[in-house]
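Report on the following structure.
The values are calculated or read from the model by the stated rules, or taken from the named source; none is laboratory data. Quick caveat, the model's predicted, so the values are computed rather than measured. Note: ideal-geometry Cβ built from the backbone for every residue, glycine included; neighbour counts use all protein chains shown. Calculation scope for accessible area: heavy atoms of the full protein, side chains included, ligands and nucleic acids excluded. Shrake-Rupley method; radii C 1.70, N 1.55, O 1.52, S 1.80 Å.
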Amino acid sequence: WDEGTDGEWEFNPGLKELVPPGTKPFHVVAYDFGIKTNILRRLASFNCKVTVVPCDYPAEKVLELNPEGIFFSNGPGDPSAAPYAVENAKKLLGKAPIFGICMGHQVLGQAFGSPTFKLKFGHHGGNHPIKHKPTGRIEISSQNHNYAVDPAQLPPEVEVTHVNLNDGTCAGMRNATMKAISIQYHPEASPGPHDADVCFEEFVEMMLKAR
């Protein structure tokens, strides 16, 4: 996939500064757990050429594609019902920069060693406040999920970077050693808040440093 956001809809003025024209595209392999087209558009807008693979595609075959980045997509349900995804994530951690959204965030949480749990009330809608702990930045996010990662059972090397201000649940993680980041909401939401588009920037910066 290499079709970015249409010019008239592009809302991020800093794209050309982050990825100047002429920069070689980043090859990203994306696991499809129910991936949204606009996620693919946003990745392409950040100069990514995306190879989409099935949800159960073996990690070994992903590595044969020589990705510069690996993406775990959104999708429905509980990642506990998809143990193959967690096993693939474990094998891929540390091999290339990794970014997970929504179910992808939960898959990475389980790969790090933390279980997921069912929320008493799921998070649904386009106005959920999120705090980015390293900077104190507040993002208004679009969410649609019923499970969350238990931050109390994450290993010390995994930092909780984002917190849902409605109920304090884990909304984002970073493992600097493994070059992995994730968020529990939808930065590509359109129409909807664009506050979290910065997550794509962080993923691209990780790939730039790894080149």
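At-a-glance table
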{"quantity": "Per residue accessible area of region 98-208, 1.4 Å probe, in Å²", "calculated": "39"}
{"quantity": "Ratio Rg/Rh, restricted to region 21-121 and using Cα atoms, in which Rh is the Kirkwood radius", "calculated": "0.98"}
{"quantity": "Two-site FRET efficiency, GLU202 against LYS49, from Cβ-Cβ distance with R₀ of 22 Å, rounded to 0.05", "calculated": "0.70"}
{"quantity": "Filter on LYS24/LYS118; LYS61/LYS131; LYS118/LYS209; LYS49/LYS118; LYS61/LYS120; LYS131/LYS209 - keep pairs with C-alpha separation over 32 Å", "calculated": "LYS24/LYS118; LYS61/LYS131; LYS118/LYS209; LYS49/LYS118; LYS61/LYS120"}
{"quantity": "Residue with peak Gaussian network fluctuation, the chain [Cα springs, cutoff 10 Å], from ARG42, ARG137, ARG174", "calculated": "ARG137"}
{"quantity": "Sites HIS27 and ASP167, calculated FRET efficiency, Cβ-Cβ separation with R0 35 Å, nearest 0.05", "calculated": "0.40"}
{"quantity": "Assigned charges on the beta-carbon of Lys, Arg, Asp, Glu; the chain dipole about Cα centre (debye)", "calculated": "400"}
{"quantity": "In Hz, Karplus ³J(HN,Hα) per residue of region 59-68 (6.51, -1.76, 1.60; θ = phi - 60°; x = Gly, Pro)", "calculated": "4, 4, 6, 4, 5, 5, 7, 6, x, 8"}
{"quantity": "Within the accessible area of the chain (1.4 Å probe), percent carbon and sulfur", "calculated": "52"}
{"quantity": "Accessible surface, 1.4 Å probe, highest first, among residues SER45, SER114, SER80", "calculated": "SER80, SER45, SER114"}
{"quantity": "FRET efficiency, THR177 to ASP150 (Cβ-Cβ, R0 22 Å, nearest 0.05)", "calculated": "0.60"}
{"quantity": "Segment LEU63-HIS124, length gained on full extension (0.36 nm per residue, minus Cα span)", "calculated": "18.5 nm"}
{"quantity": "Alpha-carbon gyration tensor eigenvalues x 5, square-rooted, for region 114-211, Å", "calculated": "21, 18, 11"}
{"quantity": "Rg/Rh (Cα only; Kirkwood hydrodynamic radius) as it applies to the chain", "calculated": "0.93"}
{"quantity": "Rg/Rh for region 28-77, where both radii come from Cα atoms and Rh is the Kirkwood radius", "calculated": "0.96"}
